[in-house]
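Step one of this worksheet: look at the structure below.
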Amino acid sequence: MPEQYYKDAQRAGIRRYRKRVSRGEYPYLPVLDSILSEERLTSAIDLGIISIPAEFVVGTRTSGRTNAFADNFMPLLDSGTEFSAKWERLCSAHMEEGIRDPIKVYEFMNRYYVEEGNKRTSVLKFFGAVSIRAHVFRIMPKNRDVEEIRRYEELLDFSSKSHINFIEFSQSGRYKELLRCLGKTETQEWTEDETKQFSSVYYYFRRVYQSRWGDHLPITSADAMLAYMKIFGYQSMIHIPEKELKKNLNRVWEDLTLQQDTEPICISATPDKDKKPGIIDKVYINTVGKVHNIAFIHDKTPELSGWTNSHELGRQHVQLVFGKKIQTTAYFNAVESNPEKIIEKAIAEGNTVIFTTSSRLLPASIKVAVQHPEVTILNCSVNISHRYIRTYYARMYEVKFIAGAIAGALSKNDRIGYICNYPIYGNIAGINAFALGAQMINPDVKIYLEWSSVHGIRESVKKLVEQDIHLISSIESVPLNDEDYNLFGLFRIDQNQKTTLAVPLWQWGVYYESIIRRILDRTFYQEYEGSHKAMNYYWGMSAGVVDLFCEKSLPKSTQKLAAFLKESISSGKCNPFMGPITTQDGTVIETENDLLSMEQIVNMDYLVENVVGMIPVYEEMDDTARTTVDQVGVEKATRKN
């Protein structure tokens with residue numbers, strides 16, 4: 001039997017050899033000596049004896065015996081030679097009691113090159129071993145600015161706590177995303193049981209995925225698993241039947257394709273008002289007489305949340321505008337109950353378009369959208385890379401820039417306060433725009449930043465006043481019945497007297513009206529069919545979805561300044577983020593044509609130079625903030641100790 005196994009292995013080696021030669025590729029095992037200098041090799045770090053992924057053992061340390069193997073470690077030498085006899089003896093040992101002696105390898109960039117044990121490696125690979133025991137010496141790369149090396153270093157950090165070295169992603173940053181999906185921190189040590197369970201889930205997923213989809217996309221199995229996990233969750237993968245897993249993979253195919261794209265999100269900065277529906281779409285509009293049922297699902301109630309109330313006013317606006325063409329229904333307190341069940345209920349009650357108005361409803365929105373492709377679901381958030389839902393958010397930073405300019409003009413001591421709620425995409429841009437607007441008018445002004453999700457709104461105001469800061473901007477949307485409801489927008493506090501100066505307006509009614517019109521005339525669906533990316537609407541003043549209300553008590557000159565900036569931003573003549581932009585640590589952000597791109601603005605995770613304060617860490621924030629940050633938080637805020 002060992003003789004036959006050798007012949008089978010040799011045939012596999014010859015097939016591989018011929019295939020590589022036909023493609024003009026090197027057919028033998030790569031040699032580490034030809035890749036790295038002797039100096040690099042002698043400086044290797046001894047990791048001791050560990051298990052390494054068999055698939056990542058790819059070559060030899062030296063050129064000796066290189067030609068005896070094809071590049072898949074299958075033998076090429078004829079049967080009956082001394083080489084084949086040794087291979088067959090190892091084969092017998094493996095079948096009888098297992099190969100116990102570890103091989104000796106050098107590891108470079110998570111690939112292993114054998115110094116001792118080439119034939120042992122060959123036998124184990126022939127029998128389909130998943131891992132191999134090896135004495136490992138690691139060689140660290142030198143240039144750390146290369147994307148490939150960044151991914152490798154992230155793997156080392158991940159592996160140091162998880163003891164998993166077989167997960168590879170195609171893009172940097174995904175190990176952190178994986179940890180978030182697993183509910184783990186970067187510094188948390190994994191238990192042996194956790195490592196075993198994850199390994200089992202991964203290899204099971206990989207087998208199913210690669211058996212049908214593995215050759216269709218230039219992504220790794222880990223990329224595919226992470227995309228799947230973001231939708232269905234890790235726990236659902238532990239005991240999932242193969243049939244159901246295949247069914248779910250079919251459903252999320254478009255999300256899997258996004259993993260190959262370094263820029264998976266298409267940000268729509270303004271509605272395309274010139275786009276007209278085609279002939280088929282006009283027929284569709286004219287022939288469909290049924291009422292469109294549209295649901296608005298909120299995480300809280302209008303009485304307890306100013307944010308929910310503003311969206312509810314938006315629902316009432318579109319119901320009034322469209323009249324009998326649509327029927328809208330509002331569902332409240334979805335987070336306190338079961339978000340998935342609430343969305344499913346809305347679908348069961350006949351709603352074919354659903355707006356979920358909080359990022360805390362994002363996971364449920366995605367999962368239900370995958371299961372109901374016949375329903376259109378949109379979530380109020382930004383910077384989300386999923387094909388199955390669209391997101392919508394407003395460029396409030398444009399309004400904040402104007403409010404900052406007003407504050408800069410009114411400041412008497414070069415100190416202005418700013419209270420933010422959550423460190424999420426969009427909010428950081430608002431802080432920076434406010435600071436830059438104030439700096440434009442007063443180069444010496446400083447913006448003192450507080451977080452209501454850390455100290456609470458009242459304590460945040462108190463901390464600022466104690467620092468002789470009486471001009472404050474707050475984005476906190478407090479309950480309607482709260483005595484501090486007017487602590488929203490730009491206000492002044494003098495001897496406990498609050499005076500509102502300017503208030504940002506979220507024009508959700510205008511936003512919803514525009515989106516619904518696009519749905520009714522089918523341009524909404526044309527966008528989907530014409531792009532393979534995730535669609536994020538991020539509209540601003542030019543679309544009429546945000547505005548700034550200025551009190552008449554403002555000085556006339558300041559009112560003129562605000563009006564001038566409104567017109568300039570709406571027409572595109574002024575951009576709050578005209579370069580150069582300097583951060584707190586002195587870094588100058590590179591810009592194209594002296595303007596930050598929309599992607600750069602959305603992904604801001606830094607504060608500009610005249611902001612005093614910092615982005616809070618995860619543990620500092622309250623539970624609501626953590627839930628929100630888990631979904632749409634900037635990277636600095638998601639780091640857990």
* To do: Sorted from largest down, give the three principal axis spans of the alpha carbons of the range 42-132, whole angstrom values.
  => 40, 29, 19
* Asked: Using alpha carbons only, how many degrees (0 to 90, rounded to 10) separate the axis of helix 427-441 from the longest principal axis of the chain?
  -> 50 degrees
* Asked: What do you get for Rg/Rh over the range 492-613 if you use C-alpha atoms and the Kirkwood form of Rh?
  -> 1.04
* Asked: What nm distance separates the two modelled labels at L313 and H532, each placed 7 Å from Cα along Cα→Cβ?
  -> 4.3 nm
* To do: Subtracting the Cα-Cα distance from 0.36 nm times the residue separation, let me have the gained length for D622 to K86 in nm, one decimal.
  => 186.5 nm
* **Extension gain (nm, one decimal) between K462 and K246, 0.36 nm per residue minus Cα-Cα** => 72.2 nm
* Asked: Based on the Cβ-Cβ distance from D585 to S553, what FRET efficiency comes out when R0 is 35 Å, to the nearest 0.05?
  -> 0.35
* Asked: What part of the accessible area of the chain, given as a whole %, is carbon or sulfur when the probe is 1.4 angstrom?
  -> 48 percent
* To do: Compute the acute angle (0 to 90°) between the alpha-carbon long axis of helix 457-466 and the principal axis of greatest extent of the alpha-carbon atoms of the chain; round to the nearest 10°.
  => 70 degrees
* Considering amide H positions built from the backbone, and no H for Pro or chain starts, which residues 5 or more places from A502, or on another chain, come under 5 Å of its amide H? -> L490, E551
* Structure fact -> The extension gain from D101 to S51, computed as 0.36 nm times the residue separation minus the Cα-Cα distance, is 16.8 nm
* Asked: Along the range 199-216, what does the Karplus equation 6.51 cos²θ - 1.76 cosθ + 1.60 (θ = phi - 60°) give for ³J(HN,Hα), rounded to whole Hz, x for Gly and Pro?
  -> 4, 4, 5, 4, 5, 5, 4, 4, 4, 5, 5, 6, 5, 10, 10, x, 9, 8
* Structure fact -> Taking r as the C-beta separation of Q197 and K636 and R0 as 35 Å, the FRET efficiency to the nearest 0.05 is 0.70
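Could you rank F158, F332 by how accessible they are, 1.4 Å probe, largest area first? All intermediate terms of the calculation are to be shown ahead of the outcome.
Working: F158 10, F332 80 Å².
Of F158, F332, the descending order of accessible area is F332, F158.
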* Structure fact -> Put Y528, Y425 in order of accessible area, largest first, probe 1.4 Å, and you get Y528, Y425
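Please tell me the relative contact order of the chain in percent, rounded to the nearest whole number, where contacts are Cα pairs under 8 Å and at least six residues apart. Walk me through the numbers before you get to the answer.
Working: 1116 pairs, mean separation 73.3, N = 641.
In percent, rounded to a whole number, it is 11.
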* Structure fact -> HN-Hα couplings for the range 577-587 via Karplus (6.51, -1.76, 1.60; θ = phi - 60°), in whole Hz with x for Gly/Pro, come out as 10, 7, x, x, 10, 10, 8, 4, 8, x, 5
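Excluding S381 itself, what net charge comes from residues whose Cβ is under 11 Å from its Cβ, given Lys and Arg +1 and Asp and Glu -1?
Values: positive: R360, R390; negative: none.
With Lys, Arg at +1 and Asp, Glu at -1, the neighbours total +2.
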* Asked: How high is the FRET efficiency between R40 and S236 when r is their beta carbon distance and R₀ equals 51 Å, given to the nearest 0.05?
  -> 0.70
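Please tell me which of these pairs span more than 32 angstrom C-alpha to C-alpha: K300/K498; K246/K533; K345/K533; K176/K446; K400/K462; K184/K400? If you can, show how the numbers build up before the last one.
Numbers: K300/K498 27 Å; K246/K533 23 Å; K345/K533 29 Å; K176/K446 34 Å; K400/K462 22 Å; K184/K400 35 Å.
From K300/K498; K246/K533; K345/K533; K176/K446; K400/K462; K184/K400, over 32 Å: K176/K446; K184/K400.
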* To do: Could you pull the accessible area for K446 with a 1.4 Å probe, rounded to 10 Å²?
  => 80 Å²
* **In Å², nearest 10: area of D622 left accessible to a 1.4 Å probe** => 60 Å²
* Give, as ranges by residue number, the residues of the range 541-572 whose backbone N falls under 19 Å from the point 7 Å along Cα→Cβ of M598. => 541-547, 569-572
* Would you mind checking the radius of gyration and Dmax of the range 309-369 based on alpha-carbon positions, in Å? => 12.0, 32
* Cα-based convex hull, the chain, per residue volume (Å³, whole number) -> 198 Å³
* Using just the C-alpha positions of the range 1-52 as equal point scatterers, what log10 of I(q)/I(0) does the Debye formula give at each q in 0.30 1/Å? -> -1.07
* Structure fact -> Between the Cα axis of helix 242-251 and the main Cα principal axis of the chain, the angle (0 to 90°, nearest 10) is 50 degrees
* Could you give the accessible area per residue of the chain, probe 1.4 Å, as a whole number in Å²? -> 46 Å²
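The values are calculated or read from the model by the stated rules, or taken from the named source; none is laboratory data. Everything quoted here is computed from the prediction, not taken from an experiment. Every residue, glycine among them, receives a Cβ derived from its backbone with ideal geometry; neighbour counts consider all protein chains shown. Surface areas here come from the heavy atoms of the whole protein model, side chains and all, with no ligands, DNA or RNA. Shrake-Rupley method; radii C 1.70, N 1.55, O 1.52, S 1.80 Å.
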